[in-house]
Amino acid sequence: MVSPEYNPDELFDVCDADDQVIGQETRSVVHAQNLLHRAVHIWVWTPRQEMYLHLRSASKDQYPLCFTSSASGHVDAGEEYGDAAVRELGEELELQGTLQCLTKLPASDSTAFEHTVLYLLVTEEIPTPDPAEIQELLLLPVTEIARWVQSEPDRFTPPFRELMSWWRSQNP
């Protein structure tokens, strides 16, 4: 079963390798044809460098029951990355706050063909996960998450693995 939020006719911007919009297509076509498109990830950290990690629900159309960023999602057609990050943070975790842009990864097979922008929110607020999107929410030290990703990579979505690889390169 697919969650009620899943809409195969949802419209995404299709991009080239330089993240320039070259058209629009539905979610189902974008995913079926591995077209380059846009996504955001938000890492929600406590001031103690613990991060909320979420287990995707079983009804997700891609990577069900895999762990990923605190919140994440596609950038809708015509939407800006920052606006999508604020929207996803509110929809998935009922949080808001000042987001810091950390990095942007180019679209490739290792990012699920998504130009991926990572944002950080540091907060003491407790998130309220959307059960249609998130099966489980864990709070773990970031260093422990990085070790887990290295030891059991298949438990995590490909974009999250790439983001953790970037983070480890910045924090040896």
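Could you tell me which of the residues Val75, Val117, Val142, Val86 is of a type in the set (A, V, I, L, M) and over 14 Å from the mean Cα position of the chain (by Cα)?
Working: Val75 fails: over 14 Å from the mean Cα position of the chain (by Cα); Val117 fails: over 14 Å from the mean Cα position of the chain (by Cα); Val86 fails: over 14 Å from the mean Cα position of the chain (by Cα).
The conditions single out Val142.
Looking across the range 108-125, the residues that are β-branched (Val, Ile, Thr) and either under 12 Å from Trp166 (Cβ atoms) or out of contact with any strand residue (DSSP E or B) (no Cβ under 6 Å at 6 or more places or on another chain) (or both) come down to Thr111, Thr116, Val117, Thr123.
For the range 55-76, state whether one or more residues are aromatic (Phe, Trp, Tyr) and either surrounded by fewer than 21 Cβ atoms within 10 Å (Cβ to Cβ) or under 23 Å from Thr123 (Cβ atoms) (or both). Checked against the condition, which is being aromatic (Phe, Trp, Tyr) and either surrounded by fewer than 21 Cβ atoms within 10 Å (Cβ to Cβ) or under 23 Å from Thr123 (Cβ atoms) (or both), the range 55-76 yields at least one hit.
Determine, yes or no, whether Ala39 is touching a Ser or Thr at 6+ places or on another chain (Cβ under 8 Å) and either in contact (Cβ under 8 Å) with a residue 24 or more places away in the chain or not polar (S, T, N, Q) (or both). So Ala39 passes the test. Of the residues making up the range 141-157, not a single one is closer than 17 Å to Ile42 by Cα, of a type in the set (Lys, Arg) and without any contact (Cβ under 8 Å) to a residue 40 or more places away in the chain. For the range 78-86, the count of residues that are in contact with a Gly (Cβ under 9 Å, 6 or more places away or on another chain) and among the aliphatic types (A, V, I, L, M) is nonzero. Restricted to the range 142-172, and to residues there that are among the aliphatic types (A, V, I, L, M) and farther than 19 Å from Gly73 by Cα, the residue that is surrounded by the fewest Cβ atoms within 10 Å (Cβ to Cβ) is Ala146.
If you go through the range 87-96 and keep only what is buried (at least 19 other Cβ atoms within 10 Å of the Cβ) and either among the charged types (D, E, K, R) or free of Cβ contacts under 8 Å to residues at least 40 places away in the same chain (or both), you end up with Glu88, Glu92.
Read-outs throughout are calculated quantities, based only on the coordinates presented, and are distinct from any laboratory measurement. In this text, all values refer to a predicted model and were calculated from it rather than measured experimentally. Here Cβ is always computed from backbone atoms with ideal geometry, including for glycine, and neighbour counts include all displayed protein chains.
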